[in-house]
Amino acid sequence: MAGAMSERRGYAIRPATLSDVDTLVDLRLIMFEAMGFDDDIQLERVAVACRSYLEQHLPTDQFRAWVAEAETGTIASIGLVLHSVPPSPRNLVGLEAYIMNLVTLPAWRRRGIARALLSHVLGIVREEGVPVTSLHTSAEGRRLYESLGFAILEDGPEMVLRAPS
C-alpha cells in the first residue's frame, strides 16, 4: 500500500500534516533554488508567505500535500490544489487539479520517488473524478510528466499577466 514502508524502495508516502509545514517550506525553497532563484531576501519572504499559506490551507484541504519519508526523514513532497471552475464542453464537472511542489532532495533523486508521488496523486485525482490536471514543469521534470501522459499545450490559449511587484 502507498502508506506502508517498502523494503525495496526504502520510503513511505503519507499525507502531510501541520507538523510537516517547516519541511514543506524547506523543500519548496530547495525547488526554487534549483530553478535558479538565489535572492536570499526574496526566498525568505517566500518562506514566510508559504508557511502562512500552508498553516491556513492544509487543515481545510484547500491545499493537500504528501511526503515521501525514509528512516532519515522526509525526502520528497508533492502538493495538490483542487479548484472549481464553471463547466465547459471539455470539463462538464467543473473541477480542475493543479499539481505543484514536486521536489526530491538531491541525494534521493533518480530513484523513482517523484514518479511514485506523482502516480499516487494522479490516482487520487482519478478517484475524485477530476477531468483536468495541470502543472508547471522544469526542463528536468518534463520527461517524467510526459511519460505519465502530460502534454505541453504549445498552441493553447492560456496567457499570463503578472501584477508589478
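The values are calculated or read from the model by the stated rules, or taken from the named source; none is laboratory data. Computed from a predicted model, the values in this text were never measured in an experiment. Virtual Cβ from ideal backbone geometry, glycine too; neighbours counted across all protein chains shown.
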Of the conditions (1) at positive phi; (2) surrounded by 15 or more Cβ atoms within 10 Å (Cβ to Cβ), G79 fails just one. Which one is it?
-> (1)
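Kindly indicate which of T137, T133 is assigned to a strand (DSSP E or B), more than 23 Å from R51 (Cβ to Cβ) and among the polar types (S, T, N, Q).
Working: T137 fails: assigned to a strand (DSSP E or B).
Testing whether each residue is assigned to a strand (DSSP E or B), more than 23 Å from R51 (Cβ to Cβ) and among the polar types (S, T, N, Q) leaves just T133.
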Test each condition in (1) touching a helix residue (DSSP H, G or I) at 6+ places or on another chain (Cβ under 9 Å); (2) of a type in the set (V, I, T); (3) closer than 21 Å to T72 by Cα for I99 and report the one that comes out false.
-> (3)
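Rundown of residues vs (1) crowded, with 16+ Cβ neighbours inside 10 Å; (2) farther than 15 Å from P106 by Cα, yes/no style:
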{"position": "A34", "(1), (2)": "no, no"}
{"position": "A47", "(1), (2)": "yes, yes"}
{"position": "E69", "(1), (2)": "yes, no"}
{"position": "H83", "(1), (2)": "no, yes"}
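Could you check the stretch 9-40 and list, in sequence order, the residues that are touching a residue at least 40 places away in the same chain (Cβ under 8 Å) and over 14 Å from the mean Cα position of the chain (by Cα)? Before you say what the answer is, go through the steps one by one.
Our first condition is that a residue be touching a residue at least 40 places away in the same chain (Cβ under 8 Å); within the stretch 9-40, this holds for 9-18, 20, 23-24, 27-28, 30-31, 34-35.
Those that are touching a residue at least 40 places away in the same chain (Cβ under 8 Å) and over 14 Å from the mean Cα position of the chain (by Cα): R9, G10, Y11, A12, T17, L18, D20, A34, M35.
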Using beta carbons and a limit of 6 Å, which pairs, at least six apart or on different chains, have the first residue in the stretch 117-139 and over 20 Å from I75 (Cα atoms) and at pLDDT below 95 and the second one surrounded by 12 or more Cβ atoms within 10 Å (Cβ to Cβ) and among the aromatic types (F, W, Y)?
-> S134/Y98
All conditions in (1) over 20 Å from T60 (Cβ atoms); (2) not in a loop (DSSP other than H, G, I, E, B) are true of V125 except (1)
